[in-house]
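To start, the structure itself, in structure tokens.
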Amino acid sequence: MSFFDLIKTRQSVRKYSGKPVEREKIEKCMVAARLAPSAGNSQPWKYVIVDDFELKEKVAKETYSSLVKFNKFAEQAPVIVVIVIEKAPLVTQIGAMIKKKEFSLIDIGISSEHFCLQAAEQGLGTCMLGWFNEKPIKKLLKIPKNKTIGLLISLGYSESDYKLRDKIRKDTDKILSYNEY
């Protein structure tokens, strides 16, 4: 598959078959994620793979509520990946403060997309989740209180009837300019 075809194939999957994901495939995704670039090569991430069924169910239940149900599909996914933001080296933290940039958020975004693209290349579906109840998930996974969860990713095989959707995106001329805004 060409890289461009891979980008067109990767989509947010919200309907999973429940078929278990082979650990070899998860580990290949992790190799891709760890090779991602980061500010000052700080690699400010720790991936917690939740594939124990009962634990995964508990984590999935913390991605929605009675009022906010849009992540309820996470219960179908056999794996939830929890990305914890790790402290960057002091020089990178100082640079982030000076430049008023959240380098660690940028970095986990890049790493997470590497993970998701590798998953797509292996026939797996993913969906990045930014809405979740952090405190209970930290408790379930024994994540230290002083750490922050940056992102969750649901991971699994798509339902067989889950079709590749057309990507609705802004036209290139709306998001691109040369030499001036």
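Considering (1) in contact (Cβ under 8 Å) with a residue 24 or more places away in the chain; (2) in contact with a helix residue (DSSP H, G or I) (Cβ under 8 Å, 6 or more places away or on another chain), say which one Glu102 fails and leave the rest.
So the condition that Glu102 fails would be (1).
When you scan region 58-76, how many residues do you find that are assigned to a helix (DSSP H, G or I) and either under 13 Å from Ser154 (Cβ atoms) or free of Cβ contacts under 8 Å to residues at least 60 places away in the same chain (or both)? Full working, then the answer.
If we filter region 58-76 for residues that are assigned to a helix (DSSP H, G or I), which is where we start, we get 58-61, 72-75.
From the residues that got through so far, the ones that are either under 13 Å from Ser154 (Cβ atoms) or free of Cβ contacts under 8 Å to residues at least 60 places away in the same chain (or both) too are 59-61, 72-75.
Here the count works out to 7.
When only residues in region 8-43 that are surrounded by 13 or more Cβ atoms within 10 Å (Cβ to Cβ) and β-branched (Val, Ile, Thr) count, which is modelled with the lowest pLDDT?
Ranking the qualifying residues of region 8-43, first place goes to Thr9.
Would you be able to tell me the number of residues in region 51-72 that are closer than 15 Å to Gly18 by Cβ and surrounded by 13 or more Cβ atoms within 10 Å (Cβ to Cβ)?
Initial filter on region 51-72 (closer than 15 Å to Gly18 by Cβ): 51-54, 56-57, 60, 72.
Still in the running and surrounded by 13 or more Cβ atoms within 10 Å (Cβ to Cβ): 51, 56-57, 60, 72.
Final tally of qualifying residues: 5.
Residue by residue, here is whether (1) closer than 12 Å to Gln118 by Cα; (2) in contact with an Asp or Glu (Cβ under 9 Å, 6 or more places away or on another chain) holds:
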site	(1), (2)
Ile7	yes, no
Arg34	yes, no
Phe53	no, no
Glu57	no, yes
Tyr64	no, yes
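Within region 105-133, which residues are under 15 Å from the mean Cα position of the chain (by Cα) and charged (D, E, K, R)? Full working, then the answer.
Just the residues of region 105-133 that are under 15 Å from the mean Cα position of the chain (by Cα), to begin with: 105-120, 124-132.
Selection gives Asp107, Glu113.
When the residues of region 151-178 are narrowed to those that are under 20 Å from Phe73 (Cβ atoms) and among the small types (Gly, Ala, Ser), which ends up nearest to the chain's Cα centre (by Cα)?
Step by step, filter region 151-178, then rank; the result is Ser154.
The values are calculated or read from the model by the stated rules, or taken from the named source; none is laboratory data. Here the structure is a predicted model, which is why all the values come from computation and not from measurement. FYI the Cβ positions are ideal-geometry reconstructions off the backbone, even for glycines, and counts take in every protein chain you see.
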